[in-house]
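The values are calculated or read from the model by the stated rules, or taken from the named source; none is laboratory data. What you are looking at is a predicted structure, and each value in this text was computed from that prediction instead of being measured. Because the Cβ atoms are built from the backbone with ideal geometry, glycine has one as well, and the counts that use them run over all protein chains shown. These accessible areas exclude ligands, DNA and RNA; they are computed on the full protein's heavy atoms, side chains included. Shrake-Rupley method; radii C 1.70, N 1.55, O 1.52, S 1.80 Å.
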Amino acid sequence: MDEKALPGRLPERDRPWVMRTYAGHSSAAATNALFRRNLAKGQTGLSVAFDLPTQTGYDPDHELAAGEVGRVGVPVAHLGDMRALFEGIPLADMNTSMTINAPAMWLLALYGTVGEEQGAQLSRCAGTTQNDIIKEYLSRGTHIFPPAASLRLTADVVAYTLREMPRWNPVNICSYHLQEAGATPVQEVGFALSTAVAVLDAVRDSGQVPAERMGDVVQRISFFVNAGVRFVEEIAKMRAFGALWDEITRERYGVQDPKQRRFRYGVQVNSLGLTEAQPENNIQRIVLEMLGVTLSRDARARAVQLPAWNEALGLPRPWDQQWSLRMQQVLAYESDLLEYPDLFAGSHVMTALVDEIVTGARVELGTVLEMGGVVAAVETGYLKSALVASLAERRRRMESGADVVVGVNRFTETEPSPLTAAGAESVEQVDPAVEAAATASVRRWRAGRDDAAVDAALARLRADATTTANLMPATLECVRAGVTTGEWAGALRQVFGEYRAPTGLAGAAGAGGDATLVAVRERVAATARELGSGRLRLLVGKPGLDGHSNGAEQIAVRARDAGFEVVYQGIRLTAGQIVAAAVEEDVDLVGLSVLSGSHLAAVPAVLDGLRAAGRADLPVVVGGIIPAGDAKQLRAAGVARVFTPKDFALTGIIDELVTVVREANGLR
């Protein structure tokens, strides 16, 4: 019998999704070499990770960039860096995704200019700029400008690509980071679609796109989603996304062509769910999470990038990324998944689960729209508070054991892992000389350009920003004149200002019925009495450019519930600002959160600042993704405690903070 003639088989296999790995580190040249190696191994698209200075609009020699250059991605400060990043890679033939948001217009202008220098027709270039600024205010923290100005930049990019780069996805609405910030499936769908509505409304209302072309805009809007280990629920979530997107684009924007209304998305599975404890378990987590976005043909991702097993430990090596790529290839090419129509069509269980998520997401979307849209929901703190509260509830379930995390809160007995036997060698190490090289490079670039052309280009950018003109032409002039990333963002900062988003702590729910919190609360109160103060005061600080604030916010909420008075000013602070706040607020303890790998630069800077301010006695603790060797260095430098992702019990951490305060003050 012909195997291909079996009942239910498709006449032709479904085409595989675009296979990517999220990559970028140290320098443009080193990242280019990594891209070439991954493409040679069968990767079919590029996904570019930029470092935090690039993402937040700073050059490598800026004060806030110290310790962050090349850490979590590649530094791109000017056209020369972009040339080096894609040297020998024909952009006309490549599908490139760039994880860039606040400066998305700038990076797209750099990319398009390099493509033209290669001889590519921009109309042939395919790829995506993430360009979802709303989730930056809620979860990742790489925003620069206020919401309204940021949406204007997004609308300008959409209008430009519609004319010049019709195969490009100008915005990638991200529910991925909402899930990492605590969103339930209902919130993830509802909040992400609220963002999509805000973007489409901004484009429509800008007057740059004729009403009859809104279908062309809709068909280039893509989504970037998260897939957790509850893969049945994730399948339902993706089917719900598709159903609601079809409904919204048809009814709100009048798009009649079903192909234009198709929900188009790429995915990275849940990096936050990867564990430092028993990291070998991350392999099966990644595989199960991949199934959530591939099993259902009608809701299948068209691009997939998988994290590596060791991302809870540090920066993955090329071999680790290869392992994740091979997972995709085995599923796509060895299994029979792509030979069948949708496996869940007609399933009563799946239909009911999809309907439940659709109903709940409609309510969330309606709530946001009644508030005046997603910008209002950001500015009032509604969305952030909802996510902080949801993440607090998720943490409570894990700490209580209601949600099992294998190797963390259950089945913790283990054999030594051969995967981590090499210690720091199990992750990629970034050479400390990278930052100095990038700093010297950007200064050479500035010295070798025509200053008059730079000044004229920046003057035009500032002038256009005060009008309603599309800012892409002025940005392209800046690229060609040799303007740097920091100068471009700095010019727009002068016009639009810089935005500090709500922290969401005020409206966040606490630990509820956590019985162990009662004893900790008594210790906090007793320690305050012994010190003769009304309440213990904790400063939670986020030094540098690391915007991943979820952990810091959860510590702040739990400490507040335990009776601490918490001082938390949000993300992106200099060491000097943290020290000043610690002194002015007369705190009893400073807690620093660093997840970008810059802890060996950021933490000593705060310690030095406290000594200079005469507060060497003030204890400092640190939390983050910190290898054991680095933790030893931090303790030797004067840090009282180092917490890593394996320290998942928040109440236990707060109890330890009380111990630190008592030790620092000579109390028994």
**Report entry** Cα convex hull of the stretch 138-253, projected area averaged across orientations, nm²
**Finding:** 7.5
Query raised in the report: Which entry in (i) 75, 69, 52; (ii) 80, 68, 52; (iii) 82, 79, 45 matches Cα extents along the principal axes in Å derived from the coordinates of this structure?
Result: (i)
Report task. Would you kindly compute the Cα radius of gyration of the stretch 271-415 and its largest Cα-Cα separation (Dmax), both in Å? Result -> 19.1, 55
Query - Quotient of C-alpha Rg and 2.2 N^0.38 Å, computed over the stretch 351-496 - result: 1.75
Query raised in the report: With no solvent and one point on each alpha carbon, what is the Debye value of log10 I(q)/I(0) for the stretch 599-663 at q = 0.20, 0.24 Å⁻¹?
Result: -0.83, -1.10
Query - Packing-based ranking, highest mean first, of 324-332, 486-494 given that Cβ atoms within 10 Å are counted - result: 486-494, 324-332
Requested in this report: At 24 Å minimum axial length over the Cα atoms and a Kyte-Doolittle cut of 0.5, report the qualifying DSSP H helices in the chain, or say none.
Outcome: 185-206, 348-370
Query raised in the report: At q = 0.10, 0.21, 0.23 Å⁻¹, what log₁₀ I(q)/I(0) does a Debye calculation on the Cα points of the stretch 464-592 give, no solvent, two decimals?
Result: -0.50, -1.22, -1.33
Query raised in the report: Could you give the length gained on full extension between ALA469 and GLU522, defined as 0.36 nm per residue of separation minus the Cα-Cα distance, in nm?
Result: 13.1 nm
Query raised in the report: Given the convex hull of the Cα atoms of the stretch 539-633, what is a quarter of its surface area in nm²?
Result: 5.7
Query raised in the report: Beyond 24 Å, what share of the Cα-Cα pairs of the stretch 53-181 remains, rounded to the nearest whole percent?
Result: 29
Query - Point-to-point label distance, ALA459-ALA148, nm (Cα→Cβ direction, 7 Å offset) - result: 2.9
Query raised in the report: In whole angstrom, and with the biggest value first, how far do the Cα coordinates of the stretch 213-308 range along each principal axis?
Result: 51, 20, 18
Query raised in the report: Taking a threshold of 27 Å on the Cα-Cα distance, which of the pairs LYS542/LYS632; LYS384/LYS542; LYS135/LYS542; LYS135/LYS237; LYS237/LYS384 fall above it?
Result: none
**Report entry** Furthest towards positive pole of dipole, THR412, VAL74, ALA149, structure part the chain, Cβ charges
**Finding:** ALA149
Query - For the chain: accessible area per residue (Å², 1.4 Å) - result: 38
Report summary line: Honestly the stretch 116-202 on the Cα gyration tensor test (a ≥ b ≥ c root eigenvalues; a/c under 1.5 rounded, otherwise a/b vs b/c for prolate or oblate) is just prolate
Query raised in the report: What list of whole percents do you get for P(r) of the stretch 198-262, with Cα-Cα distances grouped in 10 Å bins up to the one holding the largest distance?
Result: 19, 45, 25, 9, 1
Requested in this report: Using DSSP to define loop residues, name the GluC sites (Glu not before Pro) in the stretch 375-421 whose beta-carbon has at most 14 other beta-carbon atoms within 10 Å.
Outcome: GLU413
**Report entry** Assigned charges on the beta-carbon of Lys, Arg, Asp, Glu; the stretch 574-650 dipole about Cα centre (debye)
**Finding:** 360
Report task. Provide Rg over Rh for the stretch 510-668; use the alpha carbon set for both Rg and the Kirkwood Rh (inverse mean inverse pair distance). Result -> 0.93
Report summary line: In the chain the accessible area split gives carbon plus sulfur, as whole percent at 1.4 Å, a share of 53
Query raised in the report: Which order do peptides 630-637, 280-287 fall in by mean Cβ count within 10 Å, highest first?
Result: 280-287, 630-637
